[in-house]
Amino acid sequence: MNPVYLDYNASGLVRPEVQDVMAKALADNGNPSAVHAAGRRARARVETARAQVAELVGADPTAVVFSSGGTESNAQAILSALAAGCERLIVGATEHPCVAEAAIASGKPVKMLPVDARGVVDLNKLRQLLGQPGKAVVAIHHANNESGVIQPIAEAARLVRSAGGWLHVDAIQSAGKIPVDIRALMADSLTLSAHKLGGPQGVGALVMGEGREAIRIVHGAGQERGLRAGTENVPGITGFGESAVCAARDLSKAQAHAAWRDAAEAKVKAAGATIIGEGAERLPNTLFMAVPDWESPQQLITLDLMGLMVSAGSACSSGKTKPSRAILATGRSTMATGGIRVSGGWGTVEADWDRFAEAWVSAYEKHRARQSDRTKKVA
């Protein structure tokens, strides 16, 4: 039986269309800063991709700054907000580590914005935090990378604007799965990453809201209008643009995952799993679940041997499981090392979700039976 890839939130499989345009760009590799014919062709590829990425999120192409990925772009957004006069940071409790760590590294005061039991940010607490002295840059991701919980960005934006602050939205997980429009979200800055869309790894973008300016954090020559030095990754950027086009085209298809996910969710819940983010609006392709008596690494290994590739809701290092940030933030500490995330994408079919649910339920039943046998032997 062929293996099934259900880890698109970590990195989507590269789309065939993307592979094709990248191969052509690699075969015709000029420097986009050069004035000769090959250089002009490379420049055209970069600017075409810029327009394609901008179109995906309803932005002007001049607002897009290409980068090495979402981590770099998130850091650039935060430092741009601070350079614009923000004096402190308010960061969602379930933000991606690259946002939380960039906030801490800025050297400015950082306050955590709590979430409720579903994983949704507390807007009343945000209002209170914004009322404290000093303009704040507020970082809230559009959708959580683990649970898929979608945040009330527009509502948060109104609060931030009324306080004279800057709202940064990490839309890396949401783009291509649900509609993302920087104007509708009222974000001052927004970040994207190609490999979440079925594009290549190592390419991202910072998208600036109207009236906002980015500062340069990578110094050197004048690439990216002086906002990001270094020769552009033309094949990668070309692939990014094509993945944005494909993601926009397939947005309605992405919604089909919700019914498939819900059916799988019902099966694993009946077998004893807790659904993280249940009751909140979530990305249609994402299932984040946890149990208190089966560690994430063991679940991943078991499923991998069964031909199913998913990921842990927590980071693993040296054989030790770190508690999931998203699970801890919702108050479920007893399950924080037992979470797994299942995420579909452009190459996923309904049968893949069915196979996952059946495999996990079977494996969990065997695990509990082994645990019960050990308990009897000890007794």
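The values are calculated or read from the model by the stated rules, or taken from the named source; none is laboratory data. Remember, predicted model here, so these are calculated numbers, not experimental data. All Cβ positions, glycine included, derive from the backbone under ideal geometry; neighbour counts span all protein chains shown. Protein only, heavy atoms only, side chains kept; ligands, DNA and RNA dropped before computing areas. Shrake-Rupley method; radii C 1.70, N 1.55, O 1.52, S 1.80 Å.
Taking every residue in the stretch 31-46 that is closer than 9 Å to V234 by Cβ and pairing it with any residue that is assigned to a helix (DSSP H, G or I) and open to solvent by 50 Å² or more (accessible area, probe 1.4 Å), at least 6 positions away or on another chain, the pairs with Cβ-Cβ distances below 6 Å are P32/R43.
Entry remark, the stretch 169-213: residues being at negative phi and assigned to a loop (DSSP other than H, G, I, E, B) number 19 in total. Being among the hydroxyl-bearing types (S, T, Y) and touching a Gly at 6+ places or on another chain (Cβ under 7 Å) is a property that does not hold for S106. Quick one: would you say G176 is open to solvent by less than 10 Å² (accessible area, probe 1.4 Å), at pLDDT 95 or above, under 24 Å from M22 (Cα atoms) and within 20 Å of the chain's Cα centre (by Cα)? No: the conditions fail for G176. Residue check: L79 meets all listed conditions (1) within 21 Å of I182 (Cα to Cα); (2) modelled with pLDDT under 95 but one, namely (2).
Scanning the stretch 47-90 for residues that are more than 22 Å from D250 (Cα to Cα), open to solvent by 50 Å² or more (accessible area, probe 1.4 Å) and either polar (S, T, N, Q) or in contact (Cβ under 8 Å) with a residue 40 or more places away in the chain (or both) turns up T62, S68, T71, L79, A83, A84, E87. If the condition is being open to solvent by 10 Å² or more (accessible area, probe 1.4 Å) and in contact (Cβ under 8 Å) with a residue 12 or more places away in the chain, then the stretch 295-307 contributes E295, P297, Q298, L300, T302, M306, G307. Looking only at residues in the stretch 1-46 that are among the small types (G, A, S) and open to solvent by 40 Å² or more (accessible area, probe 1.4 Å), the one that is nearest to T231 (Cα to Cα) is S33. When the stretch 243-254 is limited to residues that are touching a residue at least 60 places away in the same chain (Cβ under 8 Å) and open to solvent by 40 Å² or more (accessible area, probe 1.4 Å), the one that is farthest from A290 (Cα to Cα) turns out to be V245. Residue check: is G279 open to solvent by 20 Å² or more (accessible area, probe 1.4 Å) and within 20 Å of K177 (Cβ to Cβ)? So G279 fits the description; yes. In the stretch 148-161, of all residues being outside any loop (DSSP other than H, G, I, E, B) and touching a Lys or Arg at 6+ places or on another chain (Cβ under 9 Å), the one that is least open to solvent (accessible area, probe 1.4 Å) corresponds to V149.
What residue, of R355, R341, is on the phi < 0 side of the Ramachandran plot, surrounded by 20 or more Cβ atoms within 10 Å (Cβ to Cβ), modelled with pLDDT of 95 or more and in contact with a strand residue (DSSP E or B) (Cβ under 8 Å, 6 or more places away or on another chain)? Of the residues listed, the single one that is on the phi < 0 side of the Ramachandran plot, surrounded by 20 or more Cβ atoms within 10 Å (Cβ to Cβ), modelled with pLDDT of 95 or more and in contact with a strand residue (DSSP E or B) (Cβ under 8 Å, 6 or more places away or on another chain) is R341.
Between R127, R183, R158, the distinction of being under 27 Å from T238 (Cα atoms), at pLDDT 95 or above and more than 19 Å from the chain's Cα centre (by Cα) belongs to R183 only.
Only one of the numbered conditions (1) within 18 Å of H257 (Cβ to Cβ); (2) open to solvent by less than 20 Å² (accessible area, probe 1.4 Å) is violated by N145, and that is (2).
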